[in-house]
Amino acid sequence: MAEYALKVRRFQPESGEGPYWETFDVDLDPTLSVLDGLLQAKDRDDGSLSVRCSCRAAICGSCGVRINGQSALACKTQIGEAMEHANRNNGERAGGARTNGSQSEPIVVEPMGNMPVIKDLVTDMEATHWKKIRRVTPWLLPEGDPPEREYLVPPESMIDITQSMACIQCGACVSACLSMEADPDFIGPAALAKAYRFVGDPRDAETTERLHDLANDPHGIYDCTHCFSCIDACPKGVAPMDQIMRLRRAAGAEGIDDANNGHRHEDAFASIIEKKGTLDEAELLQETYAPGVKGKLMPRPSAIKGLVESIPTAVRGIGTGKMRSLPKLIPGIHPKLPGDSQEQVRRIYAHTEEHSIELNLYIKGEEAEGDAPVEEGAAVPERAVGPEPDEGEAPTGDTGPEADTSKGPQGTEHGQADPGPPESGRPGPGGAA
Amino acid sequence: MPDHDVLVIGAGLAGQRAALAAAEDGVSVGIISKVHPVRSHSNAAQGGINAALNPGDSWESHAFDTVKGSDYLGDQDAIEIMTREAPEEILHLEHLGVTFHRNEEGKLGTRAFGGASAARTYYVADITGQAIMHVLYEQLMKYSDEVARYEEYFTTALAIDDDGECVGAVCRNVRDGAMELFSAKSVILATGGNGQAWQPTTNALICTGDGIAMAYRVGAKLMDMEMIQYHPTTLAGKGFLITEGARGEGAHLLNAKGERFMERYAPNKMELASRDVVSRAEQTEIDEGRGFPDGTVALDITVVPRKRIHEALREIVLVGRDFAGVDITREPIHIKPGNHYTMGGIKTDVWGRTDVPGLYAAGEVACVSVHGGNRLGANSLLDTLIFGRRSGEDAAERAKGRESARTTQAILDNEEAMVAEVIAREKGSGRRVSEIRKELGQTMDKYAAVFRDQAGLEQGLEVVRRLKEEAESCYIDDRGTVFNQDVLGAIELGFMLDNAEATCVAAIHRTESRGAQFRTDFPERNDGEWLKHIDLAKNGTGPEISYSEVTMTQWEPQERTY
């Protein structure tokens, strides 16, 4: 048993007052959860303290809150660890030196972000989270009548989308999403992860339509800024951002030239780094809008518009010092990497092309396991060459080979060159060059 | 006043399946849940769902395993229906989009489970219940014009008209505290089990036996209430579930000496004997001093290949890591039998009809009975879906030929007064709800657990009856209307106490050992006297006992060994 202080951001809508802080002293084993602490406060001190909760075991998704600023499930956060975290936070704020000796900092518990608060720690999930979920047509759209037996699908395709199915709709990723802070209309990590569950499902017949929809929506897949916050927040390892990147790769493979220039921007990003080793930002804009010689000789009308509209961004780049040196301003004079570094970058590109596999949680386990690597054969094989259902037996609703090739869980060439490290930055066995 | 042909109360698997089935019949449907539907406890079902769908398997084999698992207390006509209709239901779920595990040919793949003579458990890793429930909720979103969803509405009572028919329910909108009368031609209860009356339990905090108590209060009979399943693998302390799928994948049970003790209790099926058998074996090891000092034995999952653990048992890797601090891929985890499932419930026929006209029940709240004295693993999801669908279909048919139900304002006034009375109780005037709840849980886990006897059960009943009195005056802190969880907690406490009383009364009455009811003072099964159900009906203050026959079709009782 140990004593903890829970500093809870409270809001009682009927009081006519604004939100306020209240600290509850609780007394429990450090391995118990922040939720156990909240329930003890509720049971002993104040039954009006409101928090949604049910299973206590990180499966029902009710108790999403922010603990010391981090979006999480209260039931899955050990109270002892939360206190250490609170103390560490305070240490950092105080410039590395703890100000108050051995005394513990309170654990700060707030309602989730990016959602209206109903009361205390209870947020309005319907107004935000569920509305966004419904935005992605969240049900299977198979073609025609179902077959007499089951749909025949490659086993690895089901394992692949099971990572999205592991989502418990707790909203922690929505709470943590930085893009949504800037653009409240962003469809967001949870709904897009849900969308991948259908895009990656070979039984769904509307993959192309779904991808066009999500790529062309200004608040869709290209609205994600790749900040990894949702991956950190997700209590179930769904890694919503990874699912968004899969949607982007699938959209790219589908040849969707989206109205947001998202795909062309990714392409430009990847090819510049392949060529130069680092990002030539001056070249990025023009390559995004008018790629290659052809793009420059015959610019699309939208390219000129896009470039003109980007001038303020470029000016800001100069203003903030991001493009401060002369070589960085003149396209093409960007310095190449020294020595054989450039060659190494190329080798990374080549390696990822050869090993274009993705290892989801149901294959590689929870953490990167240095001492027990998953053997190559256990990885997701190329879906495009996956077992094809026998024509005679193929159920009517199954997707044809054409749709199949576009739905691979594995990365495409664009995908693997994506600037972010694959699989939340943990070195996967396939990617450890 | 919301008015529907069919009103479903509870939105776990049984409720959602019932609502979809009724909507398919073209009637207007409303579904009410005290939590958001995807928070329902069905999502805790990890291991899978049984169906004899593989070539070479048969529904008869599935049915026999279920009959034997039930210790011959299951009704064989209902079990036949459930097992015959299982394959079609699995295929239906697959067509809706459930991401079932596939074999190398791309067909549905299976795993082994306890008490089953063939590998016939279909699964999605170890999140099967969650995956199915989220897919059904996808369908509810798809058919939102046909099915009205009332999410976070807490039902306090059923509405009965002058003819004794169920015509609706009174609910409190959790969000704003408004009490509303819902009118319906048919009402389906799908509110789940009562595990929270025991502590610890694998059950979620919402599993407070609401439907069982509400039906009992309006005159529906309860059946087999003494049959409470203790699951063999739960974490000590918090009671979290470790799926039977772990043993299905080959995990061993070991005592403190490192012995695979199931050899002595079930030499053929070993760890995959029926749950009551395995739980008793564990409890015997613990009671006779061969367990660990923390009152547990060990589950060794390290014998399962690591790749298979990641693919099929990921959820329990998380449970071990986050809630026990144990990496189950590297070391055994300490477990013990823990409260898990309510085999008994509201007595229904094979269409979910209760003794109250217009009132249906499906899923864990109901007792058809397909589980009898002991439920087999991976039969609970099946029960919810088969009898959820059948209830939905029959409730819709019933509603079609009827005029709009006539509800009366009186019932609403009653419930409003009841809530107001609870809120108005003076602080400090009695005990806190949480204190009574805790004492109830500990009492039931002490006296109505794996091993029972007359003296203990009578003591338990005495405590429960005292707690019922104390609950009349327990007080709460929250006087508000918005999200007042405090007042709902007080109402739930009343529901749990009714459930606990019924269990104690039935367990005292059944003077034999069958399935989950093991009486140390009557250690043998007694078919001559006790091959029958105990039915309970509310009469004045307590339950009145009567009996009903067990329906036999083709399986005569035999000695039960594994």
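The values are calculated or read from the model by the stated rules, or taken from the named source; none is laboratory data. A quick note: this is a predicted structure, and the numbers were derived from the prediction, not measured. Cβ placement follows ideal geometry from the backbone for every residue including glycine, while neighbour counts extend to all protein chains displayed. SASA here: full protein model, heavy atoms, side chains in, ligands and nucleic acids out. Shrake-Rupley method; radii C 1.70, N 1.55, O 1.52, S 1.80 Å.
Say R0 is 51 Å: what FRET efficiency, to the nearest 0.05, do B:GLU469 and B:ARG306 get from their beta-carbon distance? List each step's numbers first, then the result.
Working: r = 55 Å, r/R0 = 1.08.
Efficiency, from the Cβ-Cβ distance: 0.40.
Sort A:158-167, A:306-315 for me by packing, meaning the mean count of neighbouring Cβ atoms within 10 Å per residue, highest on top.
Details: A:158-167: 25.4, A:306-315: 12.8.
Order by mean packing, descending: A:158-167, A:306-315.
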Excluding same-chain residues fewer than 8 positions from B:LYS427, which lysines have a Cα within less than 23 Å of its Cα? A:LYS42, A:LYS119, B:LYS438, B:LYS468
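I need the shape label for region B:147-222. Rule: rounded when a/c is under 1.5, else prolate if a/b > b/c, else oblate, with a, b, c from the alpha carbon gyration tensor.
Values: a/c = 2.26, a/b = 1.29, b/c = 1.75.
Since a/c reaches 1.5 but b/c is at least a/b, the shape of region B:147-222 is classed as oblate.
With the Cα gyration tensor of region B:346-430 giving a ≥ b ≥ c as the square roots of its eigenvalues, does the rule (a/c under 1.5 for rounded; else a/b larger than b/c for prolate; else oblate) give rounded, prolate or oblate? Before the final figure, lay out each step's value.
Numbers: a/c = 3.54, a/b = 1.43, b/c = 2.48.
Judged from the Cα gyration tensor, region B:346-430 comes out oblate (a/c at least 1.5, b/c at or above a/b).
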Run the simple label-point estimate for B:GLU462 and B:GLU435 please: 7 Å along Cα→C-beta, distance reported in nm. 2.1 nm
Rounded to the nearest 20 Debye, what is the dipole magnitude of the protein assembly as shown about its Cα centre when Lys and Arg each give +1 and Asp and Glu each give -1 at the C-beta? 2240 debye
Using the Kirkwood formula on alpha carbons, the hydrodynamic radius of region B:1-135 in angstrom works out to 16.2 Å
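How much accessible area per residue does region B:1-149 have, in Å², with a 1.4 Å probe? Walk me through the intermediate numbers first.
Numbers: 3620 Å² over 149 residues.
Accessible surface, normalised per residue, equals 24 Å².
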In percent, how large is the relative contact order of region B:99-148, given Cα pairs closer than 8 Å and 6 or more residues apart? 25 percent
Accessible-area order (highest first, 1.4 angstrom probe) of the listed residues A:LYS236, A:LYS7: A:LYS7, A:LYS236
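Cβ neighbours within 10 Å, averaged per peptide: list B:179-185, B:229-235 in order, most packed at the top. Can you show the working numbers first?
On the way: B:179-185: 22.1, B:229-235: 26.9.
Put in order of decreasing packing, that is B:229-235, B:179-185.
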Averaged over its residues, how many other protein chain Cβ atoms are within 10 Å of peptide A:147-153's Cβ atoms? 6
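Order these peptides, B:482-488, B:540-546, by their mean beta-carbon neighbour count within 10 angstrom, highest first.
Details: B:482-488: 23.4, B:540-546: 12.9.
With the highest mean Cβ count within 10 Å placed first, the list reads B:482-488, B:540-546.
Residues with beta-carbon under 10 Å from that of A:LEU6, excluding A:LEU6: net charge, scoring Lys, Arg +1 and Asp, Glu -1? Working shown, then result.
On the way: positive: A:LYS7; negative: A:GLU22, A:ASP25.
Result for the local shell: -1.
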Please report the antiparallel percentage of the DSSP beta bridges confined to chain B, to the nearest 5. 65 percent
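Once neighbouring chains are kept in place and the probe is 1.4 Å, which whole percent of the accessible area of the protein assembly as shown is contributed by carbon and sulfur?
The value for the protein assembly as shown is 50 percent carbon and sulfur by accessible area.
Percent relative contact order of chain B, based on C-alpha pairs within less than 8 angstrom and at least six residues apart?
Working: 1363 pairs, mean separation 124.5, N = 562.
Relative contact order, chain B: 22 percent.
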Using the structure shown, list the pairs from B:LYS142/B:LYS400; A:LYS236/B:LYS347; B:LYS221/B:LYS446; A:LYS236/B:LYS446 with a Cα-Cα distance above 32 Å, or answer none. A:LYS236/B:LYS347; A:LYS236/B:LYS446
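If you restrict to DSSP beta bridges whose two residues both lie in the protein assembly as shown, what percentage is antiparallel, to the nearest 5? Write out the running numbers ahead of the final one.
Working: 64 of 90 bridges.
Around 70 percent of the beta bridges assigned by DSSP in the protein assembly as shown are antiparallel ones.
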Hits among lysines - C-alpha to C-alpha of A:LYS276 under 23 Å, sequence gap 8 or more where chains match: A:LYS294, A:LYS296, A:LYS322, A:LYS328, A:LYS336
Looking only at other chains, what is the average number of their beta-carbon atoms within 10 angstrom of each beta-carbon in B:121-132? 3
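How far, in nm, would the chain grow between A:THR278 and A:ASP185 when pulled straight, counting 0.36 nm per residue and subtracting the alpha carbon separation?
The A:THR278-A:ASP185 span can extend by a further 30.2 nm.
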Accessible area drop of at least 20 Å² (1.4 Å probe, protein heavy atoms): which residues of region B:312-355 qualify, relative to the chain alone? B:ARG314, B:GLU315, B:LEU318, B:ARG321, B:ASP322, B:PHE323, B:ARG330
For the interface of chains A and B, what total accessible area is buried with a 1.4 Å probe, rounded to the nearest 100 Å²? 6000 Å²
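Rounded to the nearest 500, what is the 222 nm mean residue ellipticity of chain B from helices alone, with -39500 (n - 2.57) per DSSP H run of 4+ residues and division by all residues?
Details: 16 runs with 200 residues, N = 562.
Value at 222 nm, helices only, nearest 500: -11000 deg cm²/dmol.
Below 8 Å between Cα atoms, with a sequence gap of 6+, how large is the relative contact order for region A:123-211 in percent?
Values: 80 pairs, mean separation 41.2, N = 89.
It rounds to 46 percent for region A:123-211.
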In debye, nearest 20, what is the charge dipole magnitude of region B:376-517 about its Cα centre with +1 on Lys and Arg Cβ and -1 on Asp and Glu Cβ, if you could check? 360 debye
Report Rg (one decimal) and Dmax (nearest whole number) for region A:112-196, counting Cα atoms only, units Å. 16.0, 51
Positive end of the dipole of the protein assembly as shown, charges at C-beta (+1 Lys, Arg; -1 Asp, Glu), about the Cα centre: which of B:GLY489, A:ALA268, B:TRP59 has its Cα farthest in that direction? A:ALA268
Largest-first principal axis extents, alpha carbons of the protein assembly as shown, Å: 94, 68, 66
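Averaged over its residues, how many other protein chain Cβ atoms are within 10 Å of peptide B:134-140's Cβ atoms?
On the way: counts 8, 5, 0, 4, 8, 3, 1.
Partner-chain Cβ atoms within 10 Å, mean over residues of B:134-140: 4.
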A drop of at least 40 square angstrom in accessible area, chain alone versus all protein chains together, probe 1.4 Å. Which residues of region A:53-73 meet that? A:SER54, A:ARG56, A:ALA57, A:ILE59, A:CYS60
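Please arrange A:SER302, B:SER380 by accessible surface area, largest first, computed with a 1.4 Å probe and ligands excluded.
Numbers: A:SER302 55, B:SER380 20 Å².
Descending order: A:SER302, B:SER380.
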With +1 assigned to the C-beta of every Lys and Arg and -1 to the C-beta of every Asp and Glu, and no other charges, what is the dipole magnitude of chain B about the Cα centre in debye, to the nearest 20? 1340 debye
Would you please classify the overall shape of region A:223-280 from the alpha carbon gyration tensor, given that a ≥ b ≥ c denote the square roots of the eigenvalues, rounded means a/c under 1.5, and beyond that prolate means a/b larger than b/c while oblate covers the rest? oblate
